[in-house]
Structures are given as C-alpha cells and as structure tokens.
Amino acid sequence: MKKILNYSLFLLILLSFSCSNDDKVLEETKPFHEVVIGSLNEALNFTILPDNMITNTNQTSKEAVVAFNDIVKTTSQIVDFLKVPKTTISSTITDKKESFNWLDNLFGDVVEVNYAVEKQLDRFSFVYNVSSGNLSLDFLKGNTLLDENAGVFIINEGSAIGALNWEITDENIIIELLFEDKTTLVYNKSDRSGTITSEEVIYKWNKDGKGSFTDNSTNIPVVKTW
C-alpha cells in the first residue's frame, strides 16, 4: 500500500464533511465504542445492490458487483476490529473515556489489544493498539463525529498506511478507501443506485440495476453498458 500523507490531513477531511449541524447534540444513550461504528455498521447491513444487477450474467455487470462487494467487505472488516468482545480482560469506563483490553488473533498471531475511546468537544477519538512482547503498534486510530454520521479511520500496518473515510447523509452512504488506490462508493439508500470511482474507472448503475463502465485512462474513453 502507498503511504497516506499524514493524520492531520484526515482530521481536516473529517471536519470538512457536510454531516452535522453544529447545534446538534448527541443523545448519549450508547457506549462510546458503539457510537464510533454505530451508523456505519448499521448502514453496511442494508447496503445491497438491485436484484437485477446481482443476477445479471453480463461480464461487466459481474465486475461491478465484485467491485461493490470488495468495498463493503473491506469496510466491514475494518469495522469488525472495533467491536468490543464480551471476553475482555479488563475495562475502564468514565464519562469522558472508555478503555478495553483483550487478547485477539491478528494475522495469525496472538496479540494483546488495548482499545481506548475518548469523547472530545465535537467527536469521539479512538486508538486501537496491538502489542506482542516488546512490539507495539497503533493499528487503528481515528474519529467519529458526535452525531455518528461521519468518520475517518486510519489503518497502520507498520510499513504502510491506509484509510477509510465515511459519511452517512439523508440520501447516501459514502465510503472512501485509500490504499494503493483511492476508491469511492456513493450508494443511494432509497433506490440502491450508485457509483464506484477508482482512479480512471467509473461504474454507475440505476435503481433497476442497469449501468455502465467507463475507463478514462486512454485517449478515447472506453464505455461499456449492461
């Protein structure tokens, strides 16, 4: 994966999201760690393509379905890391901070997880640290706004850094993954239409599952439909 510029940049991206009214106050009925992933986790459960697109035998349509599923799967895997298990070794909860400690299996190795979520003025900030022996790594860290409608998660694998930026609006679920390439999904919640943009490639489909593929990497754009 290519390195992403820096953490401060993603904080600026987070604050630029048109996601919440400054006067809106979160009704604190959920633990902090549930707020961090709440809206995104719930949205992923209802992110489904139109039936006609799923069953379409056209090769381009199949490729669009694969691209869509890859985005949803990657995002779900990141969210799953931040789900606190019932088998925690210890936990500390105050009105400003929650912290949890447990053992987990990460990429085939048993590691100790230290997960802390802190409430700040306009967001919840978290650090998901993994350690084994003398090695320690902030594997995940990021922010979710108080109204749960936008967040920035930074993934650090030691030698490379990636990111998940997300926003839930009244109409759309917007997911942006930054790893080797930048890939963005804009999914309409009401009719299941959407677009996937990755570098020079664009998939676009309507509520009926009909769509198009555009490759702008050549002098003459390549367009296919299904």
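Readers should treat all values here as calculations from the given coordinates under stated rules, not as data from a laboratory. Keep in mind the model is a prediction, meaning the values are calculated, not measured. FYI the Cβ positions are ideal-geometry reconstructions off the backbone, even for glycines, and counts take in every protein chain you see.
At a glance:
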quantity: Förster radius 45 Å - calculated FRET efficiency between Thr92 and Ser159 (Cβ-Cβ, nearest 0.05); calculated: 0.90
quantity: Computed [θ] at 222 nm, helices only, for the chain once each DSSP H run of length n ≥ 4 contributes -39500 (n - 2.57); calculated: -7000 deg cm²/dmol
quantity: Highest-first arrangement of 164-170, 56-62, where packing means the average Cβ count within 10 Å; calculated: 164-170, 56-62
quantity: Segment 176-226: C-alpha gyration tensor shape, a/c 1.5 cut-off, then a/b vs b/c; calculated: oblate
quantity: Space enclosed by the convex hull of the alpha-carbon atoms of the chain, per residue, Å³; calculated: 152 Å³
quantity: Sequence ranges 66-73, 103-110, 205-212, 92-99, ranked by mean other-Cβ count within 10 angstrom, highest first; calculated: 205-212, 66-73, 92-99, 103-110
quantity: Violating pairs (Cα-Cα greater than 19 angstrom) within the set Lys62/Lys224; Lys86/Lys119; Lys30/Lys96; Lys97/Lys141; Lys119/Lys189; Lys62/Lys207; calculated: Lys86/Lys119; Lys119/Lys189
quantity: Set of segment 121-136 residues, backbone N closer than 20 Å to the point 7 Å along the Cα-Cβ line of Lys83; calculated: 126-130
quantity: Point-to-point label distance, Asn58-Glu171, nm (Cα→Cβ direction, 7 Å offset); calculated: 2.4 nm
quantity: Gyration tensor verdict on segment 65-166 (Cα atoms; rounded if a/c is under 1.5, prolate if a/b is larger than b/c, oblate otherwise); calculated: oblate
quantity: The chain: relative contact order as a whole-number percent, Cα under 8 Å and 6+ apart; calculated: 19 percent
